[in-house]
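Colleague: Handing you a structure now.
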Amino acid sequence: MADIFSIVGSSLDAQGSRMDAIASNLANADSIAAPGTAPYRAHEVVFEAAPVGPTSDDGTGSSDPAANDPGVQVLGTVLSNAPPNMTYDPNSPYANAQGYVTGSNVSSVSQMVDLIDSSNSYSASVAVLQQADRVDQQILSSFQVS
Amino acid sequence: MQIGFLNLYGGVLNVRQERASLIADNIANADTPGYKAQDVQFQQALAAQLGDGPASGSAPLFRASDTVSLDGNDVSMDSERVEAAQNADQTEAAATFLHQSTADLITALHPNPAGN
């Protein structure tokens, strides 16, 4: 069984890369593209359950079916297929023949919602970490015999 | 010599630790598409630990009660946090009982309670 610290570590890692992607999306929310070039598309991080930490045979011989406890890892990044934001600005040097400037397809609102969700997951993992630490201290002190 | 409470609390702490790992898994995978929350049934898992139940009792089962979201994930972050807090408190309780019982045993083993 993977220990709780590697699981929480994998979770913090994964949520960290998700927040990186959100930061990059928000930073590029107002990016525009010259005609003929590809505009910025929002990055979305996809997670998958994957075993973490050292291999599970801990030598106790108990063939524990729980031995394949998954942590989480980043499977990859997909680019959003939402249509790009077109703004009408015929004076811009980046305007196309119809006078529209092609922007990114990032929706700031949905990115902020995603950020809140990610931040909730992150703090839940940190709470589990603190709890596990407290319980470990308690168990260690219960082995102390005066 | 067989000391009953050591076996019992050893088993309890093992099951509690396994539950803590499963809950940490559930929280870590709260955003993983297709992930289903898992948990063990305490009674059966403890019986399996103590050797008087089927060894399969400690296998984690899927929580089947929660709402499944569109991406196939059924982790409820709130209930997982409640379970985590509850499990942590129960672990501490078991550790405290173990501590007290061990201290009592040590006292009983002293040839002279005055210590000299």
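Coordinate-derived values only; no laboratory data. What you see is a predicted model; the values in this text were computed from it and never measured. Quick reminder, even Gly has a Cβ in these numbers, built from the backbone with ideal geometry, and neighbours come from all protein chains shown.
Colleague: At 222 nm, what value in deg cm²/dmol follows for chain A if DSSP H runs of at least 4 each add -39500 (n - 2.57) and the sum is divided by all its residues, to the nearest 500? Please report the intermediate quantities before stating the final value.
Modeller: On the way: 2 runs with 59 residues, N = 146.
Calculated mean residue ellipticity at 222 nm is -14500 deg cm²/dmol.
Colleague: Next question. What order do you get for B:77-84, B:103-110 when each peptide is scored by the mean count of other beta carbon atoms within 10 Å, highest first?
Modeller: Details: B:77-84: 16.6, B:103-110: 10.2.
Most protected by this proxy first, the peptides run B:77-84, B:103-110.
Colleague: Calculated FRET efficiency, residue A:127 and residue A:24, Cβ-Cβ r, R0 22 Å, to nearest 0.05?
Modeller: Details: r = 27 Å, r/R0 = 1.23.
According to the calculation, E is roughly 0.20.
Colleague: Let me ask something else about it. Could you work out, residue by residue across A:9-16, how many beta carbons of other chains sit within 10 Å of that residue's beta carbon, and then give the average as an integer? It would help to have the intermediate numbers written out before the result.
Modeller: Numbers: counts 1, 4, 7, 1, 1, 4, 3, 0.
Across the residues of A:9-16, the mean count of other-chain Cβ atoms within 10 Å is 3.
Colleague: To the nearest 500 deg cm²/dmol, what mean residue ellipticity at 222 nm is calculated for chain B from DSSP H runs of n ≥ 4 alone, each contributing -39,500 (n - 2.57), summed and divided by the residues? Numbers along the way, then the final one.
Modeller: Values: 3 runs with 67 residues, N = 116.
Estimated from H runs of four or more residues: -20000 deg cm²/dmol.
Colleague: Quick one: among B:43, B:100, B:17, which has the greatest mean-square fluctuation in a GNM of chain B with alpha-carbon springs under 10 angstrom?
Modeller: It is B:100.
Colleague: Given R₀ = 22 Å, FRET efficiency for residue B:64-residue B:86 by Cβ-Cβ distance, to 0.05? Please list the in-between numbers first.
Modeller: Details: r = 19 Å, r/R0 = 0.88.
Plugging the Cβ-Cβ distance into 1/(1 + (r/R0)^6) gives 0.70.
Colleague: Considering Cα pairs under 8 angstrom that are at least six residues apart, work out the relative contact order of chain B and quote it in whole percent.
Modeller: Numbers: 118 pairs, mean separation 34.9, N = 116.
Once divided by the residue count of chain B, the mean separation gives 30 percent.
Colleague: With no solvent and one point on each alpha carbon, what is the Debye value of log10 I(q)/I(0) for the protein assembly as shown at q = 0.14, 0.17 Å⁻¹?
Modeller: Summing over Cα pairs of the protein assembly as shown leads to -0.97, -1.25.
Colleague: If r is the Cβ-Cβ distance from residue A:117 to residue B:112 and R0 is 45 Å, what FRET efficiency results, to the nearest 0.05? Don't skip to the answer; put the middle values down first.
Modeller: Numbers: r = 63 Å, r/R0 = 1.40.
The pair residue A:117/residue B:112 has a calculated efficiency of 0.10.
Colleague: Continuing with the same structure: Just to confirm my numbers, what's the Cα centroid distance between segment A:1-55 and segment B:93-109 in Å?
Modeller: Cα centroid to Cα centroid, the span is 48 Å.
Colleague: From the convex hull of the Cα coordinates of chain B, what is the mean projected area in square nanometres? Kindly include the intermediate steps, with their values, before the conclusion.
Modeller: Details: hull surface 36.3 nm².
Mean projected area for chain B: 9.1 nm², to one decimal.
Colleague: In addition: Work out the mean other chain Cβ neighbour count within 10 Å for the residues of B:100-112 and drop it here as an integer.
Modeller: Whole-number average of other-chain Cβ neighbours for B:100-112 is 1.
Colleague: Any idea what Rg and Dmax come out to for segment A:2-142 if you just take the C-alpha atoms, in Å?
Modeller: In order Rg, Dmax, the Cα atoms of segment A:2-142 give 22.1, 76 Å.
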